[in-house]
Amino acid sequence: NKQSIALNFTKPAGQAVIKELLKDSDVLIENFKTGTLDKYGLGYEQLKEEFPGLIYCSITGFGHTGPYKERPAYDMLIQAMGGSMSITGVPDGEPMKMGLSMFDLTAGLHGVIGILAALNDRHHTGLGQHVDISMLDVSVALLQNQGMNYLAKKERQARVGNNHPNVVPYQVMPSRDGHFILTASNDEQFERFCKVAGRMELMEDIRFNTMKARVVNRSVVTPALNEITKMRPTAWWLERLEKEKVGCAPILHPDEVFADPHVLSRGMLIEMDVPGCEEPASFIGSPMKFSR
């Protein structure tokens, strides 16, 4: 559903084609380094008079303002500078990047959100505008509860690995044959976990019976729970915890993800005929499901 064209925008002929396309376009999206398109008369300030309704979205590492605006960026640099690496990883290990290019991806998502907001504004004003998306801004915004923990206390937070800074247990748990996720995110769920585990006496222990106590006594609570979950296989825990409505999940590899019945039922694996391929090719589906 897309058409592609290759243009040399450094030449007048290429610039002329872009401007011809803009006559019928609502949105222009670019992710060149800040100032690159300005050199060729294609920056927002140079186009807005001729195309007053244009939504011009720039996605860069550091944005179009600020002392770092001319720096190039890569996802790992942004993870480092935005704070996420310092809070990711085991407590006594090195800072750890995420397994995905998170801010490459989420900067694009925020670009879409910004474009939609600007289009909605244009319905009321008739005017376009520049949507300036910085990967660093996105990484700071997505600190969310971790960032607010710092802003509330003005204290650096130590890394807690696969644990949660405010909830225990909310972590990877060992089982007899592997690992699973346990997210008993309130006292009621923790009590139901104790019921499944046959360890209701923990609810009489002041170190275990409230969320605050479990967080404060994490160094005692986590090893104790690990010893409990090691006694049974993963499937045993998942079956019983799900029945009791306690948050839990298997830890799946990609091959298991794309064989999962729920993932398949949601159309997240699609097969398409591709020119030049003898067999249909496999692709990841869209997470957006529309009613019509």
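For region 28-52, which residues satisfy the criterion of being touching a residue at least 60 places away in the same chain (Cβ under 8 Å) and assigned to a loop (DSSP other than H, G, I, E, B)?
Of everything in region 28-52, those that are touching a residue at least 60 places away in the same chain (Cβ under 8 Å) and assigned to a loop (DSSP other than H, G, I, E, B) turn out to be Lys48, Phe51, Pro52.
Only one of Lys212, Lys243 is open to solvent by 90 Å² or more (accessible area, probe 1.4 Å) and under 24 Å from Ala158 (Cα atoms); which?
Lys212
Looking at region 146-164, which of the residues that are within 21 Å of Asn217 (Cβ to Cβ) and polar (S, T, N, Q) is surrounded by the most Cβ atoms within 10 Å (Cβ to Cβ)?
For region 146-164, the residue satisfying everything is Asn163.
Only one of (1) within 28 Å of Pro287 (Cβ to Cβ); (2) at pLDDT 95 or above; (3) of a type in the set (A, V, I, L, M, F, W, C) fails for Leu54. Which number is that?
In the conditions (1) within 28 Å of Pro287 (Cβ to Cβ); (2) at pLDDT 95 or above; (3) of a type in the set (A, V, I, L, M, F, W, C), Leu54 misses (1) alone.
Looking only at region 37-80, filter to residues that are of a type in the set (S, T, N, Q) and surrounded by fewer than 16 Cβ atoms within 10 Å (Cβ to Cβ); which one of those is nearest to Asn8 (Cα to Cα)?
Gln46
Is it fair to say Val160 is assigned to a helix (DSSP H, G or I) and of a type outside the set (Asp, Glu)?
no
Can you tell which of Ile78, Ile55 is in contact (Cβ under 8 Å) with a residue 60 or more places away in the chain and out of contact with any strand residue (DSSP E or B) (no Cβ under 8 Å at 6 or more places or on another chain)?
The conditions single out Ile78.
Against the conditions (1) open to solvent by less than 80 Å² (accessible area, probe 1.4 Å); (2) in contact with a Pro (Cβ under 9 Å, 6 or more places away or on another chain), where does Phe9 fall short? Just the number, please.
Looking at each condition in turn, Phe9 falls short on (2).
Please determine whether any residue of region 217-229 is under 28 Å from the mean Cα position of the chain (by Cα) and under 30 Å from Gly82 (Cα atoms).
Looking for residues that are under 28 Å from the mean Cα position of the chain (by Cα) and under 30 Å from Gly82 (Cα atoms), one finds at least one in region 217-229, hence yes.
The values are calculated or read from the model by the stated rules, or taken from the named source; none is laboratory data. These numbers come from a predicted model, not from an experiment. Cβ sites come from the backbone with ideal geometry, for glycine too, and all protein chains shown count toward neighbours. SASA here: full protein model, heavy atoms, side chains in, ligands and nucleic acids out. Shrake-Rupley method; radii C 1.70, N 1.55, O 1.52, S 1.80 Å.
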